[in-house]
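Structure provided below as structure tokens; questions to follow.
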Amino acid sequence: MKDLKNWLFYCLILFFLGPRTVSSQNYEKIQELQVQKIGFFTKKLQLTTKEAQEFWPVYNDYQARKNKIIQNRRSTTRYYIQNLNNLSEKEIEEMTGKFIRLIKEESDLLLTYHEKFKEVLPIKKVMQIYIAEEQYKIFLLRQLRNRRISQNQQKF
């Protein structure tokens with residue numbers, strides 16, 4: 001059960017923080033998560049074979065770029081928290097500006113890829129992308145919660 005808990009933990013980290021260096025023993029588990037995500041999205045979007053072939057390269061590029069922005073934003077936040085007492089007002093102002101620019105960059109990225117998604121999918125399915133992303137996050141969190149509940153019940 002501990003392995004399952006670790007697997008879900010790494011999956012959530014990968015999903016929320018984007019790609020990171022992972023040990024080879026967890027690589028297979030992460031691959032399973034990616035297959036699960038593809039199946040989840042394909043089902044929710046009801047992608048045809050042709051649509052899937054066109055959609056996934058665009059979506060994967062979007063996710064890779066988005067993950068880089070998110071990593072940069074989290075890195076900025078982490079640095080701020082760790083160094084708060086040693087930062088000057090000017091440095092804090094610069095970090096605040098960087099943080100806001102990264103949020104805008106993520107928003108601009110979504111606008112750009114929204115147009116690209118419309119090139120490969122009908123608009124109805126484009127909206128489903130955004131809904132499926134939220135549903136998938138909830139799905140993963142529920143899986144994690146259910147595993148924890150199951151583990152706690154087995155302890156008793």
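State whether one or more residues within segment 66-84 are over 22 Å from the mean Cα position of the chain (by Cα), exposed (fewer than 14 other Cβ atoms within 10 Å of the Cβ), part of a helix (DSSP H, G or I) and modelled with pLDDT of 95 or more.
no
Go through segment 24-65 and give me each residue that's surrounded by fewer than 17 Cβ atoms within 10 Å (Cβ to Cβ), among the β-branched types (V, I, T) and in a helix (DSSP H, G or I).
V35, I38, T49, V58
Also, I was wondering about something else. What is the number of the single condition among (1) surrounded by fewer than 12 Cβ atoms within 10 Å (Cβ to Cβ); (2) outside the structural domain of G39 (by TED's automatic domain parsing); (3) more than 28 Å from F40 (Cα to Cα) that Q154 does not meet?
All conditions pass for Q154, except number (2).
Follow-up. Only residues that are more than 21 Å from the chain's Cα centre (by Cα) and loosely packed, with under 13 Cβ neighbours inside 10 Å: list them for segment 95-117, please.
Correct list: T96, G97.
Looking at (1) among the small types (G, A, S); (2) surrounded by fewer than 12 Cβ atoms within 10 Å (Cβ to Cβ); (3) within 30 Å of T42 (Cα to Cα), which is the only condition S88 fails?
Tallying (1) among the small types (G, A, S); (2) surrounded by fewer than 12 Cβ atoms within 10 Å (Cβ to Cβ); (3) within 30 Å of T42 (Cα to Cα), S88 fails exactly one: (3).
On to the next question. Here is a list: L121, L102, L110, L87. Which entry is aliphatic (A, V, I, L, M) and at pLDDT below 95?
Answer to the selection: L87.
The values are calculated or read from the model by the stated rules, or taken from the named source; none is laboratory data. On a predicted model such as this, the values are computed, not experimentally measured, just so you know. Because the Cβ atoms are built from the backbone with ideal geometry, glycine has one as well, and the counts that use them run over all protein chains shown.
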